[in-house]
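The values are calculated or read from the model by the stated rules, or taken from the named source; none is laboratory data. Since the structure is predicted, the reported quantities are computational estimates derived from the model, not experimental observations. Cβ: placed from backbone, ideal geometry, glycine included. Neighbour counts: every protein chain shown.
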Amino acid sequence: MAAELWLDLTAIEEAFREILFCGLARHDDGAFFVSLPDTLKHNDPRSPNVVRAWPKALGLLLECDMKLELERQLAITAQRLPKAFGQESPT
């Protein structure tokens, strides 16, 4: 992340540790996966196109427990969206 943003690695590590400590994010080093577990609780997708893009985006992620949890969260979110979204289950 530091290299992508051209930021100091020490500063990124410190900020990331704080975010993890507060429970705002989780990570899996082996799968290079960072999750923001409460995002879907507070941010519904803005359009049906976002929901339709979920399966393709999931396909880019390495298999890990956190990916399975994300798939469950997306399925729950999809079920509670208005019918106008007309989406299929993301998993």
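Picking from residues in the stretch 19-33 that are surrounded by 11 or more Cβ atoms within 10 Å (Cβ to Cβ) and charged (D, E, K, R), the one that is nearest to the chain's Cα centre (by Cα) is R26.
Scanning the stretch 2-18 for residues that are surrounded by 10 or more Cβ atoms within 10 Å (Cβ to Cβ), among the acidic types (D, E) and more than 17 Å from L36 (Cα to Cα) yields D8, E14.
Taking the criterion of being in a helix (DSSP H, G or I), surrounded by 13 or more Cβ atoms within 10 Å (Cβ to Cβ) and not acidic (D, E), the residues of the stretch 47-70 that qualify are P48, V50, V51, R52, A53, W54, P55, L58, M66, K67, L70.
With respect to the stated conditions, Q73 fails to be loosely packed, with under 14 Cβ neighbours inside 10 Å and either modelled with pLDDT under 90 or assigned to a helix (DSSP H, G or I) (or both). Screening P82 on (1) under 15 Å from the mean Cα position of the chain (by Cα); (2) exposed (fewer than 13 other Cβ atoms within 10 Å of the Cβ); (3) without any contact (Cβ under 8 Å) to a residue 12 or more places away in the chain shows it passes everything except condition (1). Among the residues of the stretch 1-40, the ones that are within 23 Å of L60 (Cβ to Cβ), among the charged types (D, E, K, R) and either touching a helix residue (DSSP H, G or I) at 6+ places or on another chain (Cβ under 9 Å) or in a loop (DSSP other than H, G, I, E, B) (or both) come to 4 in all.
Against the conditions (1) surrounded by 14 or more Cβ atoms within 10 Å (Cβ to Cβ); (2) out of contact with any Lys or Arg (no Cβ under 8 Å at 6 or more places or on another chain), T39 satisfies every one except (1). A Cβ distance below 6 Å, combined with a sequence gap of six or more or placement on separate chains, defines the contacts here; from the stretch 29-49, residues that are under 18 Å from D65 (Cα atoms) reach residues that are loosely packed, with under 14 Cβ neighbours inside 10 Å and among the hydrophobic types (A, V, I, L, M, F, W, C) in the pairs A31/L62.
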